[in-house]
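Throughout, read-outs are computed from the coordinates displayed, never taken from laboratory work. Remember, it's a predicted structure, so these values are computed and weren't measured experimentally. Quick reminder, even Gly has a Cβ in these numbers, built from the backbone with ideal geometry, and neighbours come from all protein chains shown.
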Amino acid sequence: MGFALAERLASLGAKVILICGPVSLKTNNPNIQRIDVTSASQMYKACIQYFPTCDGAIMTAAVADYAPVAAEKEKIKRSKGNLLLELKPNKDIAAELGRIKRADQVLVGFALESRNELENAFAKLKKKNLDMIVLNSLREEGSGFGYDTNKVTIITKDEKIFDYGLKTKHEVAVDIVDQMTAI
């Protein structure tokens, strides 16, 4: 979804900084500056570095909420018994950008929910100081990860709700950019 949005914005003439994790997708538009990262920490640092100079940000990456406290350098061999994995919270990128955003910047977040979708999306919109949130449901066939299609609901900070049917991710990108530019 992030690549479709980057391509859509670039096709409209925007200079896009695309910060992305390890993916095999390619960028095609010369208006897209791609910054590859391999960890949540690197993504956080890149977002904090570039956001202050941008007109806005669309936070599509599904960054893990937690990371291992200690990473092993070698393979962990199988043994008898259970293995205990201690996790620590990753920094909340969208919340930090919401905290530092200027009045003239637009911040769009995504929410992937499996229950209480609208309630959870509204809470995230307010808590993270977003201007708009794009709600994905895990209950919708053909949407979310691993598909070229998506079905979204867009919620704005003034509590307008826009439901869209199943579309290609490029069509969904048009809808998201249209709503974003209307803010």
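Remarks
- Some residue of segment 58-66 being part of a loop (DSSP other than H, G, I, E, B) and in contact with a Gly (Cβ under 6 Å, 6 or more places away or on another chain): yes
- In segment 103-122, the residues that are more than 22 Å from residue 169 (Cα to Cα) and either within 16 Å of the chain's Cα centre (by Cα) or touching a residue at least 12 places away in the same chain (Cβ under 8 Å) (or both): 104, 105, 120, 122
- Residue within segment 18-30 that is assigned to a loop (DSSP other than H, G, I, E, B), within 19 Å of residue 131 (Cβ to Cβ) and out of contact with any helix residue (DSSP H, G or I) (no Cβ under 9 Å at 6 or more places or on another chain) present: no
- Within segment 19-46, the set of residues being within 15 Å of residue 63 (Cβ to Cβ) and either hydrophobic (A, V, I, L, M, F, W, C) or buried (at least 18 other Cβ atoms within 10 Å of the Cβ) (or both) comprises 19, 20, 23, 35, 37, 40, 43, 44, 46.
- Residue ID - farthest from residue 2 (Cα to Cα), chosen from residues in segment 107-137 that are in contact with a strand residue (DSSP E or B) (Cβ under 7 Å, 6 or more places away or on another chain) and acidic (Asp, Glu): 117
- Selected residue (only one of 84, 107, 125, 130 is in a loop (DSSP other than H, G, I, E, B) and in contact with a Gly (Cβ under 9 Å, 6 or more places away or on another chain)): 130
- Here residue 88 does not fit the description of being buried (at least 18 other Cβ atoms within 10 Å of the Cβ) and of a type in the set (D, E, K, R).
- Extreme residue, nearest to residue 108 (Cα to Cα), among residues of segment 152-166 that are in a loop (DSSP other than H, G, I, E, B) and touching a residue at least 24 places away in the same chain (Cβ under 8 Å): 157
- A Cβ distance below 8 Å, combined with a sequence gap of six or more or placement on separate chains, defines the contacts here; from segment 40-58, residues that are without any contact (Cβ under 8 Å) to a residue 40 or more places away in the chain and more than 14 Å from residue 106 (Cβ to Cβ) reach residues that are of a type in the set (A, V, I, L, M, F, W, C) and outside any helix (DSSP H, G or I) in the pairs 46/19; 46/35; 46/37; 50/17; 50/19; 50/35.
- The C-beta contact set for segment 6-17 (first residue closer than 15 Å to residue 172 by Cα, second residue of a type in the set (A, V, I, L, M), distance under 7 angstrom, 6+ apart or interchain) comprises 6/16; 6/18; 6/32; 8/173; 8/174; 8/177; 9/16; 9/177.
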